[in-house]
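Engineer: Structure below; questions to follow.
The values are calculated or read from the model by the stated rules, or taken from the named source; none is laboratory data. Small disclaimer: the values here were computed from a predicted structure and weren't measured. Note that we place each Cβ from the backbone using ideal geometry, even for glycine, and neighbour counts take in every protein chain shown.
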């Protein structure tokens with residue numbers, strides 16, 4: 001008796017045949033069968049495996065995000081994390097600040113004499129299978145970030161492109177931008193004279209410069225094309241795309257974008273993105289997620305980017321942590337007469353114990369300046385932050401002494417502090433309000449929750465939005481509907497100029513409002529801060545002849561900003577997450593965002609159901 005092995009339709013069979021069935025004519029067939037035995041054995045382990053698309057990983061990516069527009073004005077780091085999973089800018093920057101060709105660009109070539117950068121795009125596709133083209137990037141830059149009526153400090157990321165700043169100021173046509181399509185998959189950038197093209201390339205690694213599709217924005221209402229309620233029809237070009245949004249279940253699913261950096265019919269579709277799906281819990285509209293670290297140990301959830309303050313403290317040693325490119329701040333409404341005297345603002349800043357805040361929220365560093373330590377100095381590996389511009393400990397006595405010289409005639413020492421409705425923001429607010437009470441101020445918390453905004457058209461549509469985001473957007477257009485407001489101030493780049501320019505009248509990114517006669521009025525900077533000396537420092541830094549001079553000017557600008565106390569830096573934010581031991585290959589990028597493209601889940605088939 002003989003046994004042969006067959007592998008048919010992905011199943012393995014042992015077949016019994018007798019000696020009588022074998023004759024000389026069939027020996028050749030038997031030999032051929034035996035010759036195939038080795039390959040059948042090799043496929044034995046795989047041909048019986050269940051068919052699946054890879055791991056389906058349950059995660060918690062943080063609080064609900066209301067808008068999926070990568071070019072939007074982010075007021076919290078959680079939004080930027082989600083954008084980084086959904087959208088793909090030209091380049092990436094790793095945790096050490098090095099430029100990487102891991103984005104949409106295949107390669108680039110620089111001609112310093114002509115001041116041009118020719119960028120070749122990878123073959124890559126949007127989640128609706130349309131190819132990613134140069135026009136998608138140019139549209140996002142020219143018609144959104146640099147649109148004079150669109151208020152966004154991220155516009156400064158593009159100011160080194162020829163005519164970009166002039167376009168934002170409304171001085172020249174948007175079509176004069178130094179960026180054009182020079183081939184089906186080729187984009188040519190002309191950078192302005194005196195610009196540092198190396199820094200420009202790093203700026204183009206920010207997800208705020210990612211492409212968007214003109215046809216999608218035009219088809220859906222331009223102001224609401226990326227709202228959370230449109231998640232199921234959102235079009236993205238990053239490693240993941242929206243597969244399902246289930247508001248009743250308080251979850252959404254990010255699925256692998258098969259056309260990310262590869263052909264749609266590629267056989268090894270897991271090469272660029274390993275996990276098949278990320279299923280994320282979201283906070284209910286009127287409530288908070290009740291996940292605990294126990295959910296990690298019991299493998300209910302494999303990744304959590306947040307926990308309650310109590311849970312953070314108890315499990316601090318189990319977290320992945322990295323400096324984030326953002327600073328948690330309080331911004332003053334400079335139009336409020338109570339804050340007209342700089343000594344009032346300085347005293348309110350001095351009274352806050354930033355060390356106490358860090359002890360309470362667990363992750364982060366006490367802010368000793370405005371610029372995050374994740375921002376690097378010009379052409380140096382060291383952090384831009386040098387020395388302490390702010391004391392991390394409270395100086396209540398000095399603050400009270402400073403206030404003695406302030407004339408409060410006709411003023412009440414009362415104001416409201418506007419914060420987001422989350423445990424961390426409220427905890428920080430309680431510490432600040434208690435400190436300000438020691439200075440004789442009565443401060444109330446104005447806690448902002450989500451709100452349903454009605455848009456009236458042919459049909460009435462309802463969109464959820466963040467009240468805090470609405471207040472910030474209004475402020476960028478000169479409508480400061482707050483006294484003091486809490487903002488996660490995004491640096492957007494590892495170049496300090498981008499963040500600092502947001503407070504310079506002509507560089508803030510807040511753009512220009514034109515009346516019917518074509519005369520433009522600048523919105524100014526967020527909160528209404530205006531200082532000619534500060535404006536001059538930023539303008540000189542923009543036009544600096546060398547990097548050393550530029551660096552010194554930017555350091556002076558930060559010192560001037562902190563001294564003016566138009567903004568109170570409180571916490572240098574850190575990205576953190578609690579990750580199951582069954583989940584590996586998760587990394588940070590240079591913006592403090594988590595990278596999931598190569599995430600590997602141990603025994604993932606056990607969790608597919």
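Engineer: As an exercise: evaluate residue 96 against (1) at pLDDT 95 or above; (2) assigned to a loop (DSSP other than H, G, I, E, B); (3) surrounded by fewer than 22 Cβ atoms within 10 Å (Cβ to Cβ) and give the number of the one condition it does not meet.
Structural biologist: Only one criterion is unmet by residue 96, namely (1).
Engineer: Going through 108, 139 one at a time, which residue ends up being on the phi < 0 side of the Ramachandran plot, in contact (Cβ under 8 Å) with a residue 60 or more places away in the chain and part of a helix (DSSP H, G or I)?
Structural biologist: 139
Engineer: On to the next question. If you check residue 259 against the conditions, is it touching a helix residue (DSSP H, G or I) at 6+ places or on another chain (Cβ under 7 Å) and modelled with pLDDT of 95 or more?
Structural biologist: no
Engineer: Oh, and also: I'd like to check something: does segment 357-376 contain any residue that is touching a helix residue (DSSP H, G or I) at 6+ places or on another chain (Cβ under 7 Å) and modelled with pLDDT under 95?
Structural biologist: There is at least one residue in segment 357-376 that is touching a helix residue (DSSP H, G or I) at 6+ places or on another chain (Cβ under 7 Å) and modelled with pLDDT under 95.
Engineer: Could you check segment 503-605 for strands (runs of 3 or more DSSP E) lying wholly inside it with 3 or more residues that are modelled with pLDDT under 95?
Structural biologist: 512-514, 520-522
Engineer: Can you name every residue in segment 389-420 that is in contact with a strand residue (DSSP E or B) (Cβ under 6 Å, 6 or more places away or on another chain), surrounded by fewer than 18 Cβ atoms within 10 Å (Cβ to Cβ) and within 20 Å of residue 570 (Cα to Cα)?
Structural biologist: 392, 416
Engineer: Okay, moving on. Name the helices (runs of 4 or more DSSP H) wholly inside segment 150-224 in which the number of residues that are modelled with pLDDT under 95, assigned by TED's automatic domain parsing to the domain that holds residue 116 and farther than 13 Å from residue 117 by Cα is 2 or more.
Structural biologist: Fully inside segment 150-224 and qualifying: 164-168, 214-219.
Engineer: Among the listed residues 307, 278, which satisfies the condition of being within 22 Å of the chain's Cα centre (by Cα), assigned to a loop (DSSP other than H, G, I, E, B) and crowded, with 17+ Cβ neighbours inside 10 Å?
Structural biologist: 307
Engineer: Next question. Check segment 324-332 and report whether any residue there is modelled with pLDDT under 95, assigned to a strand (DSSP E or B) and surrounded by fewer than 18 Cβ atoms within 10 Å (Cβ to Cβ).
Structural biologist: No: zero hits.
Engineer: If we scan segment 264-277, do we find a residue that is in contact with a helix residue (DSSP H, G or I) (Cβ under 7 Å, 6 or more places away or on another chain) and at pLDDT below 95?
Structural biologist: Scanning segment 264-277 turns up no residue that is in contact with a helix residue (DSSP H, G or I) (Cβ under 7 Å, 6 or more places away or on another chain) and at pLDDT below 95.
Engineer: Before we move on, is residue 331 assigned by TED's automatic domain parsing to the domain that holds residue 486 and in contact with a strand residue (DSSP E or B) (Cβ under 7 Å, 6 or more places away or on another chain)?
Structural biologist: Considered against the rule, which asks whether it is assigned by TED's automatic domain parsing to the domain that holds residue 486 and in contact with a strand residue (DSSP E or B) (Cβ under 7 Å, 6 or more places away or on another chain), residue 331 comes out as yes.
Residue by residue, here is whether (1) surrounded by 21 or more Cβ atoms within 10 Å (Cβ to Cβ); (2) more than 30 Å from residue 544 (Cβ to Cβ); (3) at pLDDT 95 or above; (4) touching a helix residue (DSSP H, G or I) at 6+ places or on another chain (Cβ under 9 Å) holds:
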site: 451; (1), (2), (3), (4): no, yes, no, yes
site: 455; (1), (2), (3), (4): no, yes, no, no
site: 484; (1), (2), (3), (4): yes, yes, yes, yes
site: 498; (1), (2), (3), (4): yes, no, yes, yes
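Engineer: Next question, about the same structure. Can you find a residue that is touching a residue at least 40 places away in the same chain (Cβ under 8 Å), assigned to a loop (DSSP other than H, G, I, E, B) and crowded, with 19+ Cβ neighbours inside 10 Å anywhere in segment 343-351?
Structural biologist: Yes, the conditions are met somewhere in segment 343-351.
Engineer: Please go through segment 438-449 and give me each residue that is free of Cβ contacts under 8 Å to residues at least 60 places away in the same chain and either touching a strand residue (DSSP E or B) at 6+ places or on another chain (Cβ under 7 Å) or surrounded by 13 or more Cβ atoms within 10 Å (Cβ to Cβ) (or both), ordered by number.
Structural biologist: Passing the criteria: 442, 443, 444, 445, 446, 447, 448.
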